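Okay, structure first, notes after.
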Amino acid sequence: MKKIVVAGGSGFIGEPLVRRFVARSDDVAVLTRNPSSVHAGRAVAWNPPSEDAWVEEVAGADVVINLAGENVGGGRWTETRKKRVMESRVAATSALVSAMSQKPDKNRTLISASAIGFYGDRGDELIDESSAPGTGFLTDVTRRWEELARTADPFARVVILRFGIVLATNGGALAKLLLPFRLGAGGPMGNGRQWMSWIDREDVLRMIEWSVDHDSARGIYNVTAPPPSPTAASPASWVTSSTAHPSSPHPPSLSAWPWDRKWPTRCSSAGSASSRNAPPRKASNSHIPSWKEH
């Protein structure tokens, strides 16, 4: 049995992850600003940088999983919201690393979320975990997020997971795409030639669990499905099975989805027209059980 602390454990990825670890009899503490929102695991109040009982929970944990941060795809990218996206990740990650440093001799693991937004818009370029960062707001956020996580290297095994677009039938990017398809107006995003690296939420949970259980897991992993899909096919294939209405043939109203580029304040992780062909090279080479070809 492992003692696991999850920051961001009541969200789209966090809650099913906590349930997964509880089901295998791990002791799971969920750090949260709203204890009433926690439905699995032990709720532990936290409000970094303020210190309280959560510090001892983190310092004594075998595994710390950092999923905390303002939802990137939750609304317009106003300057105020972009500031919250950045500062929420900086505050949470800094606080977790600081708490772990209080017991530097403990054998522990830090698993910290990131995103393939790190790579920016790369066209048809094939990118892997060794590729250089791109440019733009998401790149700035993920670079800072990862830099802070890596400051735990002296006293933790650090694993950084760069998530692709995470899909599930009850939330995430898929939920944002369902409405136009239900109205019979679904079609390719942008010009349909961008690469979209996506991942089923169940595979995200499997990857995190594998990272917890295998000491060989270290460094950066792209968490995406092999192979990535061109956006001409991806949205339709994601949602056709979830709606009674098939996609319509490239309707002008939605083929104009590159409005994400034209008006960056409307960008989100679900609707971005950026192209990222980022297969999971390290995960595939690690022979993770049940890593699925979709």
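The values are calculated or read from the model by the stated rules, or taken from the named source; none is laboratory data. Small disclaimer: the values here were computed from a predicted structure and weren't measured. Note that we place each Cβ from the backbone using ideal geometry, even for glycine, and neighbour counts take in every protein chain shown.
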Item to complete: Considering only residues that are under 13 Å from ARG276 (Cα atoms) and either free of Cβ contacts under 8 Å to residues at least 60 places away in the same chain or of a type in the set (Phe, Trp, Tyr) (or both), look in region 115-130 and name the one that is surrounded by the fewest Cβ atoms within 10 Å (Cβ to Cβ).
Response: PHE118
Fill in: Residue in region 35-43 that is of a type in the set (A, V, I, L, M, F, W, C) and closer than 22 Å to VAL204 by Cβ present
yes
Discussion item. Can you tell me how many residues within region 1-23 are under 15 Å from SER211 (Cβ atoms) and surrounded by fewer than 22 Cβ atoms within 10 Å (Cβ to Cβ)?
Written reply: 2
Practice prompt. Scan region 80-105 for residues that are modelled with pLDDT of 95 or more, over 19 Å from the mean Cα position of the chain (by Cα) and surrounded by fewer than 16 Cβ atoms within 10 Å (Cβ to Cβ) and report the count.
Written response: 5
